[in-house]
1. State all residues of the range 17-41 that are part of a loop (DSSP other than H, G, I, E, B), open to solvent by less than 60 Å² (accessible area, probe 1.4 Å) and within 19 Å of residue 101 (Cβ to Cβ); if no residue qualifies, say none.
2. Any residue at all in the range 75-90 that is in contact with a helix residue (DSSP H, G or I) (Cβ under 9 Å, 6 or more places away or on another chain), open to solvent by less than 60 Å² (accessible area, probe 1.4 Å), of a type in the set (A, V, I, L, M) and under 25 Å from residue 123 (Cα atoms)?
3. Can we say residue 60 is out of contact with any His (no Cβ under 8 Å at 6 or more places or on another chain), of a type outside the set (Lys, Arg) and either over 19 Å from residue 28 (Cβ atoms) or in a strand (DSSP E or B) (or both)?
4. Can you tell me how many residues in the range 85-120 are in contact with a strand residue (DSSP E or B) (Cβ under 8 Å, 6 or more places away or on another chain), closer than 20 Å to residue 66 by Cα and among the charged types (D, E, K, R)?
5. Taking the range 116-125 on its own, how many of its residues are open to solvent by 80 Å² or more (accessible area, probe 1.4 Å) and touching a residue at least 24 places away in the same chain (Cβ under 8 Å)?
6. Quick test for you: out of 14, 44, pick the one residue that is out of contact with any helix residue (DSSP H, G or I) (no Cβ under 7 Å at 6 or more places or on another chain), farther than 30 Å from residue 2 by Cα and open to solvent by 50 Å² or more (accessible area, probe 1.4 Å).
7. Would it be correct to say that residue 65 is surrounded by 18 or more Cβ atoms within 10 Å (Cβ to Cβ) and either at pLDDT 95 or above or within 17 Å of residue 11 (Cα to Cα) (or both)?
8. Look through the range 91-108, keep the residues that are free of Cβ contacts under 8 Å to residues at least 40 places away in the same chain and not in a strand (DSSP E or B), and return whichever of them is least open to solvent (accessible area, probe 1.4 Å).
Amino acid sequence: MGQPVVHFEVIGKDAEKLREYYSELFGWQIDANNPMEYGMVSRDENKTKDGLLGIGGGIGAAPEGYQGHVTFYVAVPDVEAALAKAAELGGTRMMGPERPMDMVEIGLFTDPEGHVVGVVKDEPM
């Protein structure tokens with residue numbers, strides 16, 4: 001059985017502008033009321049009129065000097081092991097494992113073609 005995609009992420013230079021853009025474009029309710037001002041897109045609050053659900057995600061600011069990325073996160077039992085395997089298969093570790101705001105454990109890598117992919121520890125919140 002494969003690992004599920006559980007989160008998407010848009011990181012850019014002007015997080016506030018991106019949040020406004022995607023909220024207006026797709027009608028997303030975005031909550032950035034947290035210390036990192038990371039705009040959370042709730043899975044349960046963003047659905048079609050027929051009740052179709054997608055995955056939740058986030059929109060945030062890029063660190064100084066970084067252009068940003070659009071990616072998805074896959075739930076894994078061990079972030080370090082997933083990052084090591086990604087590198088073994090030809091990818092490159094970007095960051096992690098880390099625990100932003102002491103919440104979830106995450107990591108990022110690029111695949112052999114340079115696409116950014118995230119991994120997040122599969123654990124109850």
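The values are calculated or read from the model by the stated rules, or taken from the named source; none is laboratory data. Here the structure is a predicted model, which is why all the values come from computation and not from measurement. Every residue, glycine as well, gets a Cβ built from its backbone with ideal geometry; the counts of neighbours run over all protein chains shown. The protein model used for the area step is the full one, side chains on, heavy atoms only, and it has no ligands, DNA or RNA in it. Shrake-Rupley method; radii C 1.70, N 1.55, O 1.52, S 1.80 Å.
1. 32, 34, 38
2. The answer is yes; a qualifying residue exists.
3. The answer is yes for residue 60.
4. 4
5. Summing the residues that are open to solvent by 80 Å² or more (accessible area, probe 1.4 Å) and touching a residue at least 24 places away in the same chain (Cβ under 8 Å) in the range 116-125 gives 1.
6. One residue alone meets the criteria, 14.
7. No.
8. 91
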